[in-house]
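The next block holds one structure in the form of structure tokens; read it before the comments.
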Amino acid sequence: MINLKKILFPTDFSDCAGQAFSYAIDLAKRFQAELHILHAIVNHTYAGYFSPDQEKLYKGLRKNAEHLMEDLVEKYPLENIKVEKLYFPALSASSMILDYADQYQMNLIVMGTHGRQGLSHLMLGSVAENVIRTANCPVLTIGKVTEQTKDNSDAIIKNILVPIDFSEHSKKSLAYAMELATLYHAKLQLLHIIDTPIYPAFYVVDQLATTSIAVNIKTRVLDNLSTLLKGLGESKIVSETYAIEGRAAMDIARFATEHQSDLIVIATHGLTGVERFLLGSVTEKVVRIAKSPVFTVKPYGRQMI
């Protein structure tokens, strides 16, 4: 059973954040949870002789944020939801979000992501990715505006995609997905990506042999996915299993689009430092490129189930 009492919704008042607000409201209603709306007032100027008066600048930014906050909450029905409106000066938005979530024991962070790619992502990074990487609770990220919730405060979730690599982390994400599927009366889509080997041209590879091996692997994967589902006990949730060859992040995102997945539930392995720099993170890449909302399950910290 999901235990959700406090939801943190960080906002920069962008369209992406507005889209995420719909999901935060929907969950707050379903669980009668507190909704903490946080705006980090980040001053990008530097203190010095030519800088404007810092206190005056902060007051101006705070006043503007308060107007934008009122405009935001007036657009949505928030009756019977306990709402906290928060404004804090910060050197870094992600640090403020993480500190607040820990200090006030948030169960879930719901936030928008701008989906930057290429050079802009390399130079600027992503507040959402920084939060996903180190938050001590699950994080739900929503990208660009989709028609289903553009003018509706109720999140529509009919299909939930769960990428499975058979690690303990992915088994935890499946447990979350089953709870969410029960909540939304949604169908589960279990997906395993079979990493496709790429052989150099000078290799002499028997095409029939490699095809036979791939078919055998796919059959075994589908059997293991079915066994994994059965191991979680009896359930009335409708589920489908898939095994495809490809590259993890790219093909998870592509599958979600082609199969109309309304939510991706995926675990992060908690890699940090040099290990994360070398290997990257499938979860972060999925968050960056997927058109569907992504619910990230953490291997540590506060859990909702």
Exercise. For the stretch 152-162, does any single residue satisfy the condition of being modelled with pLDDT of 85 or more, surrounded by 16 or more Cβ atoms within 10 Å (Cβ to Cβ) and in contact with a Lys or Arg (Cβ under 9 Å, 6 or more places away or on another chain)?
Worked result: yes
Seminar exercise, completed: Here the qualifying pairs (Cβ atoms under 7 Å; residues six or more apart or on different chains; first in the stretch 258-285 and at pLDDT below 85; second in a helix (DSSP H, G or I) and of a type outside the set (K, R)) come out as H269/H169; L271/L279
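The values are calculated or read from the model by the stated rules, or taken from the named source; none is laboratory data. Everything numeric here is computed off the predicted structure, so don't read it as measured data. Virtual Cβ from ideal backbone geometry, glycine too; neighbours counted across all protein chains shown.
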